[in-house]
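A.B. asks: Just dropping this structure here.
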Amino acid sequence: MATCSEPGCERTDMAGRGLCRKHYQRYRWHGRLDEVAPPVKRDCLVCGSPVNSRRWGAIYCSPRCHYKAKPVRKPRRFTNCEQCDAVLTGRAHQRFCSDACGDIWRNARTRERVLQSKVGRVCRGCRGPIDPTRMGKAFYCSDACKTKSRRHETYGLTKAELDLLLEQHAVCAVCRTDAWGKKGPQVDHDHQTGRVRGVLCGNCNQGLGRFRDDPVLLRRAAGYLSG
């Protein structure tokens with residue numbers, strides 16, 4: 001490992017020109033770096049004058065030349081609003097004719113980024129693609145698919161048990177019809193105990209619900225109809 005070239009110094013934290021940090025700073029601020037290693041004679045890149053600077057690697061003779069060498073950035077001038085294409089008459093950096101146009105433009109870009117990030121999602125129920133316009137944490141392609149996929153959770157059954165129950169009931173347990181309705185066969189259960197009682201069509205299931213699952217009310221209704 002290299003050590004400092006200053007006599008009597010054994011430090012290894014080298015800073016440059018064979019000197020450690022301590023002696024490098026001492027030589028630098030006392031103007032004695034030329035004694036250690038002669039600087040490379042350079043000419044200013046702007047005016048061509050000799051560079052007389054203590055800073056190693058200086059390429060400009062003065063701060064003025066350094067400032068002149070900086071690229072001049074011209075302000076970007078917008079002549080029309082980026083949203084509604086109206087003529088702008090304000091300051092040079094103005095991009096929109098009003099705050100409302102600016103908000104509309106930024107919201108549209110944000111929506112594009114969000115939709116792009118939601119492309120490729122797969123429905124947990126039918127394993128089909130999920131529409132990117134379904135915002136939020138959508139795990140299903142539709143509400144109907146979500147209801148169908150999580151239907152067994154309502155009755156405390158597994159998917160296999162629910163499928164087996166539906167296969168065993170080809171017709172409604174009350175009216176004996178196979179016209180189940182729009183929602184298909186519906187599992188009837190006791191709302192108090194949660195016990196599954198059978199599979200009904202939509203009309204019978206709603207009918208029992210209207211009578212509040214009360215056998216007394218159902219008998220009165222039957223007597224009313226028969227009388």
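The values are calculated or read from the model by the stated rules, or taken from the named source; none is laboratory data. These numbers come from a predicted model, not from an experiment. Backbone-built Cβ (ideal geometry, glycine too); neighbour counts: all protein chains shown. To get the accessible areas, we keep the full protein, side chains included, count just its heavy atoms, and leave off ligands, DNA and RNA. Shrake-Rupley method; radii C 1.70, N 1.55, O 1.52, S 1.80 Å.
A.B. asks: Taking Asp188 as the residue in question, decide whether it is modelled with pLDDT under 85, open to solvent by less than 40 Å² (accessible area, probe 1.4 Å) and over 23 Å from Cys123 (Cα atoms).
C.D. replies: Details: modelled with pLDDT under 85: yes; open to solvent by less than 40 Å² (accessible area, probe 1.4 Å): yes; over 23 Å from Cys123 (Cα atoms): yes.
Judged against the criteria, Asp188 is a match.
A.B. asks: Please verify whether region 141-150 includes one or more residues that are surrounded by 15 or more Cβ atoms within 10 Å (Cβ to Cβ) and in contact with a helix residue (DSSP H, G or I) (Cβ under 7 Å, 6 or more places away or on another chain). Write out each step before concluding.
C.D. replies: Taking region 141-150 as the starting set, the residues that turn out to be surrounded by 15 or more Cβ atoms within 10 Å (Cβ to Cβ) are 141-142, 145-146, 148-149.
Retained after the next criterion (residues that are in contact with a helix residue (DSSP H, G or I) (Cβ under 7 Å, 6 or more places away or on another chain)): none.
The answer is no, given that none of the residues of region 141-150 is surrounded by 15 or more Cβ atoms within 10 Å (Cβ to Cβ) and in contact with a helix residue (DSSP H, G or I) (Cβ under 7 Å, 6 or more places away or on another chain).
A.B. asks: Residues Leu165, Leu208: which one is touching a helix residue (DSSP H, G or I) at 6+ places or on another chain (Cβ under 9 Å) and open to solvent by less than 80 Å² (accessible area, probe 1.4 Å)?
C.D. replies: Numbers: Leu165 fails: touching a helix residue (DSSP H, G or I) at 6+ places or on another chain (Cβ under 9 Å).
Only one candidate passes the filter, namely Leu208.
A.B. asks: I've got another one for you. Under the condition of being part of a strand (DSSP E or B) and not aliphatic (A, V, I, L, M), which residue from region 6-43 is modelled with the lowest pLDDT? Explain how you work it out, then say what you get.
C.D. replies: Of the residues in region 6-43, the ones part of a strand (DSSP E or B) are 14-16, 19-20, 43.
Filter again for not aliphatic (A, V, I, L, M), leaving 16, 20, 43.
Working: Gly16: 79, Cys20: 89, Asp43: 88.
Per the criteria, the residue is Gly16.
A.B. asks: Which condition from (1) open to solvent by 60 Å² or more (accessible area, probe 1.4 Å); (2) closer than 24 Å to Leu33 by Cβ; (3) modelled with pLDDT of 75 or more is the one that Lys68 breaks?
C.D. replies: Lys68 satisfies all of (1) open to solvent by 60 Å² or more (accessible area, probe 1.4 Å); (2) closer than 24 Å to Leu33 by Cβ; (3) modelled with pLDDT of 75 or more except (2).
Conditions tested, residue by residue: (1) surrounded by 13 or more Cβ atoms within 10 Å (Cβ to Cβ); (2) within 19 Å of Tyr60 (Cα to Cα).
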residue: Cys4; (1), (2): yes, no
residue: Met14; (1), (2): yes, no
residue: Leu19; (1), (2): yes, no
residue: Asp34; (1), (2): no, yes
residue: Lys41; (1), (2): no, yes
residue: Leu45; (1), (2): yes, yes
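A.B. asks: Identify all residues within region 108-140 that are at positive phi and open to solvent by 70 Å² or more (accessible area, probe 1.4 Å); write none if there are none.
C.D. replies: Residues of region 108-140 at positive phi: 120, 127, 136.
Listed by number, the list holds a single entry, Arg127.
A.B. asks: Could you give me the residue pairs with C-beta distances under 6 Å whose first residue belongs to region 169-187 and is at positive phi, whose second residue is of a type outside the set (A, V, I, L, M) and open to solvent by less than 60 Å² (accessible area, probe 1.4 Å) wherever it lies, and which are 6+ apart or on separate chains?
C.D. replies: Gly181/Cys201; Gly181/Gly202
A.B. asks: Here is a follow-up. Please enumerate the residues belonging to region 44-64 that are small (Gly, Ala, Ser) and at pLDDT 85 or above. Step through it out loud before you land on a result.
C.D. replies: If we filter region 44-64 for residues that are small (Gly, Ala, Ser), which is where we start, we get 48-49, 53, 57-58, 62.
Those that are small (Gly, Ala, Ser) and at pLDDT 85 or above: Gly48, Ser49, Ser62.
A.B. asks: Here is a follow-up. Answer yes or no: is there a residue in region 96-103 that is closer than 27 Å to Cys84 by Cα and either open to solvent by 70 Å² or more (accessible area, probe 1.4 Å) or in contact with a strand residue (DSSP E or B) (Cβ under 7 Å, 6 or more places away or on another chain) (or both).
C.D. replies: Yes: one or more hits.
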